[in-house]
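Peer 1: This is the structure I have questions about; it appears just below.
The values are calculated or read from the model by the stated rules, or taken from the named source; none is laboratory data. Keep in mind it's a predicted model, so treat the numbers as computed, not measured. We place every Cβ from the backbone using ideal geometry, glycine too, and count neighbours over all the protein chains shown.
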Amino acid sequence: MRIVLLGPPGCGKGTQGELIEKKYGFPKVSTGDLLRQTVAEETPLGKRAETQMRHGGLVNDEIVEEMVRERIFKEDCRQGYVLDGFPRNISQAQKLEEMDGNRSEVVIEIHLTEENLIKRLEARRICPRCKSIYNVRAQNPKREGMCNVCGARLIQREDDKKEVIKERLKVYHQQTEPLVGYYQKKKNYRRVNGSGGIETVFRNIYLLLEAEMAESKEKEARR
Ligand code: AMP
């Protein structure tokens, strides 16, 4: 199974992706994390990606698609995987189908108002080492500024600063939002309300996934 998490920056895709990974063992594949890793390694590809990321724009499709291709065909993704931040436009969605089209797929949009998104993005801190995500308004780490999981000092992403947030939301509306209509037509689009607490949102995603999995088992049995 492939689970695609859709929604604007700050809606909770990363956090919910981690919870899905824990529950079902499907690795979370975050193109943002993969890109940040490449940038940190200062590879030529990382240097190219960095400028686009710093300004809130999208990185070149070919670069991101190649990263996804490399990741989703690893052994640990065989049973399934969760995509966080990919696809970001219709062309990437089509590419994904070309790459791995036979898999059952469910697309879950996590919906949140723009006001809430901005608040969340400004309060987000991440662990540069283990990639854990925190919201310093909602759940302060046990030791201020430090990761609960691995103890590293938390940082604010460069692109979570106010000036860049606006641009990222604009890019989302222009390029990513059309995917809602695209997946609605394919009839595998679902939507959950992202405004509750982490556990409440996850409960809704879990119920939805259980229903999807039961249905796909039934279909297989009928074959
Ligand atoms: P994210 O962590 O998903 O918010 O992504 C951070 C940044 O990485 C985005 O603002 C883009 O610059 C870049 N990025 C992540 N995923 C993609 C993608 N699928 N296509 C193009 N750029 C991406």
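Peer 1: Among the residues in the stretch 71-91, are any closer than 25 Å to GLY194 by Cβ, more than 15 Å from the chain's Cα centre (by Cα) and within 14 Å of the ligand (Cβ to nearest atom)?
Peer 2: Checked the stretch 71-91: at least one residue is closer than 25 Å to GLY194 by Cβ, more than 15 Å from the chain's Cα centre (by Cα) and within 14 Å of the ligand (Cβ to nearest atom).
Peer 1: Select from the stretch 172-223 the residues that are among the hydroxyl-bearing types (Ser, Thr, Tyr) and out of contact with any strand residue (DSSP E or B) (no Cβ under 7 Å at 6 or more places or on another chain) and write down the one among them that is surrounded by the most Cβ atoms within 10 Å (Cβ to Cβ).
Peer 2: Looking at residues that are among the hydroxyl-bearing types (Ser, Thr, Tyr) and out of contact with any strand residue (DSSP E or B) (no Cβ under 7 Å at 6 or more places or on another chain), I get THR176.
Peer 1: Return yes or no: is VAL164 in a strand (DSSP E or B) and either surrounded by fewer than 17 Cβ atoms within 10 Å (Cβ to Cβ) or hydrophobic (A, V, I, L, M, F, W, C) (or both)?
Peer 2: no
Peer 1: Based on this model, can you work out whether ARG137 counts as modelled with pLDDT under 95 and surrounded by fewer than 16 Cβ atoms within 10 Å (Cβ to Cβ)?
Peer 2: yes
Peer 1: Any residue at all in the stretch 42-57 that is on the phi > 0 side of the Ramachandran plot, modelled with pLDDT of 95 or more, away from the ligand (no atom under 15 Å from the Cβ) and of a type outside the set (Lys, Arg)?
Peer 2: no
Peer 1: Out of (1) farther than 27 Å from VAL171 by Cβ; (2) not in a loop (DSSP other than H, G, I, E, B), the odd one out for VAL149 is which?
Peer 2: Of everything listed in (1) farther than 27 Å from VAL171 by Cβ; (2) not in a loop (DSSP other than H, G, I, E, B), VAL149 misses just condition (2).
Peer 1: Go through the residues of the stretch 90-100 one by one and say whether even a single one is in contact (Cβ under 8 Å) with a residue 24 or more places away in the chain, part of a loop (DSSP other than H, G, I, E, B) and touching a strand residue (DSSP E or B) at 6+ places or on another chain (Cβ under 8 Å).
Peer 2: Looking for residues that are in contact (Cβ under 8 Å) with a residue 24 or more places away in the chain, part of a loop (DSSP other than H, G, I, E, B) and touching a strand residue (DSSP E or B) at 6+ places or on another chain (Cβ under 8 Å), one finds none in the stretch 90-100, hence no.
Peer 1: Could you tell me which of the residues VAL64, VAL39 is near the ligand (Cβ under 10 Å from one of its atoms) and over 16 Å from the mean Cα position of the chain (by Cα)?
Peer 2: VAL39
Peer 1: Which of (1) at pLDDT 90 or above; (2) of a type outside the set (Ser, Thr, Tyr); (3) surrounded by 15 or more Cβ atoms within 10 Å (Cβ to Cβ) is the odd one out, the single condition GLY151 does not satisfy?
Peer 2: GLY151 satisfies all of (1) at pLDDT 90 or above; (2) of a type outside the set (Ser, Thr, Tyr); (3) surrounded by 15 or more Cβ atoms within 10 Å (Cβ to Cβ) except (3).
Peer 1: For ARG129, which of the numbered conditions (1) within 11 Å of the ligand (Cβ to nearest atom); (2) farther than 30 Å from ILE90 by Cα; (3) not aromatic (Phe, Trp, Tyr) fails to hold?
Peer 2: (1)
Yes/no per residue for (1) within 22 Å of SER216 (Cβ to Cβ); (2) free of Cβ contacts under 8 Å to residues at least 60 places away in the same chain:
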{"site": "GLY32", "(1), (2)": "no, yes"}
{"site": "THR38", "(1), (2)": "no, yes"}
{"site": "ARG78", "(1), (2)": "yes, yes"}
{"site": "LEU121", "(1), (2)": "no, no"}
{"site": "LYS131", "(1), (2)": "no, no"}
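Peer 1: Return a yes/no flag: does the stretch 98-113 have any residue that is at pLDDT 95 or above and within 10 Å of the ligand (Cβ to nearest atom).
Peer 2: No, the stretch 98-113 contains no residue that is at pLDDT 95 or above and within 10 Å of the ligand (Cβ to nearest atom).
Peer 1: Here's another thing I want to ask about it. Only one of (1) surrounded by fewer than 18 Cβ atoms within 10 Å (Cβ to Cβ); (2) free of Cβ contacts under 8 Å to residues at least 60 places away in the same chain; (3) of a type in the set (Lys, Arg); (4) closer than 30 Å to GLU210 by Cα fails for ARG48. Which number is that?
Peer 2: (4)
Peer 1: Hey, does the stretch 108-119 have a residue that's over 15 Å from the mean Cα position of the chain (by Cα), touching a residue at least 40 places away in the same chain (Cβ under 8 Å), within 25 Å of ILE63 (Cα to Cα) and not in a strand (DSSP E or B)?
Peer 2: no
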